[in-house]
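Taking it in order: structure first as structure tokens, then the write-up.
What follows is calculated from the coordinates using simple rules that are stated; it is not laboratory data. Because the structure is predicted, anything quoted here is derived from the model rather than measured. Methodologically, a virtual Cβ is constructed for each residue, glycine included, from the backbone with ideal geometry; neighbour enumeration extends over all protein chains shown.
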Amino acid sequence: MRILRWFCGHTRRDRVRNEVIRDMVGVAPIEEKLTQHRLRWFVHVQRRPPEAPVRNGVLKRVDNVKRGRGRPKLTWDELVKRDLKDWNISKEIALDRSAWRLAINVPEP
């Protein structure tokens with residue numbers, strides 16, 4: 001945001017909202033871009049062979065560790081499931097590269 005503000009000639013003292021700056025420059029919201037990259041990595045993992053460490057669960061968190069009190073941490077799997085549900089995308093499209101790219105594309109305004 002600092003670079004975008006500098007690009008527009010505004011400083012934090014001007015008290016211009018981030019949304020206004022993004023609209024002036026024509027940049028997509030950061031939340032959508034993060035979701036797009038997370039879903040792209042999800043498909044990369046899904047296309048790996050089943051014996052790959054990232055696919056067969058070698059890199060997963062150990063479940064027998066005692067966790068602290070409070071709300072459980074949000075896992076990557078849960079976040080990807082929520083993103084797929086929010087964007088109305090099914091896992092079956094993951095094998096078709098062109099359809100997947102169209103489904104997760106975040107257009108620049």
Seminar exercise, completed: Taking the dipole of the chain about the Cα centre (Lys, Arg +1; Asp, Glu -1; charges at Cβ), the one of 25, 99, 65 that reaches farthest to the positive side is 65
For this session: Return one number: the angle in degrees, 0 to 90 and rounded to the nearest 10, between the long axis of the Cα atoms of helix 30-46 and the longest principal axis of the Cα atoms of the chain.
Result: 20 degrees
Problem set entry | Charged-residue dipole, Cβ positions (Lys, Arg, Asp, Glu), the range 29-104 about Cα centre, Debye nearest 20 | 380 debye
Problem set entry | Relative contact order (percent, whole number), the chain, Cα cutoff 8 Å, 6+ residue spacing | 34 percent
Problem set entry | Residue among 34, 74, 84 with the largest mean-square fluctuation in a Gaussian network model of the chain, springs linking Cα atoms under 10 Å | 74
Problem set entry | Zone residues, the range 67-83, relative to residue 46, backbone N less than 18 Å from point 7 Å out along Cα-to-Cβ | 76-83
Exercise. Separation between the residue 8 and residue 37 pseudo-spin-labels, each 7 Å from Cα along Cα→Cβ, expressed in nm?
Worked result: 2.2 nm
For this session: Determine the calculated [θ] at 222 nm for the chain from helices alone, applying -39500 (n - 2.57) to every DSSP H run no shorter than 4 residues and normalising by the residue count; nearest 500 deg cm²/dmol.
Result: -14500 deg cm²/dmol
Exercise. Would you list 97, 67, 5, 55 from fewest to most Cβ contacts within 10 Å?
Worked result: 67, 97, 55, 5
Exercise. Counting other C-beta atoms within 10 Å, which of 102, 4 has the fewest, and how do the rest follow?
Worked result: 102, 4
Seminar exercise, completed: Rounded to the nearest 10 degrees, the helix 76-86 long axis (Cα) sits at an angle to the longest Cα principal axis of the chain of 60 degrees
For this session: Please find, in a Gaussian network model of the chain (springs between Cα atoms separated by less than 10 Å), the residue of 53, 29, 72 whose mean-square fluctuation is greatest.
Result: 72
Exercise. Between residue 17 and residue 71, what is the label-to-label distance in nm when each label sits 7 Å out along the Cα-to-Cβ direction?
Worked result: 2.4 nm
Exercise. Please report, for the Cα atoms of the chain, the Rg to one decimal and the Dmax as a whole number; what are they, in angstrom?
Worked result: 18.9, 55
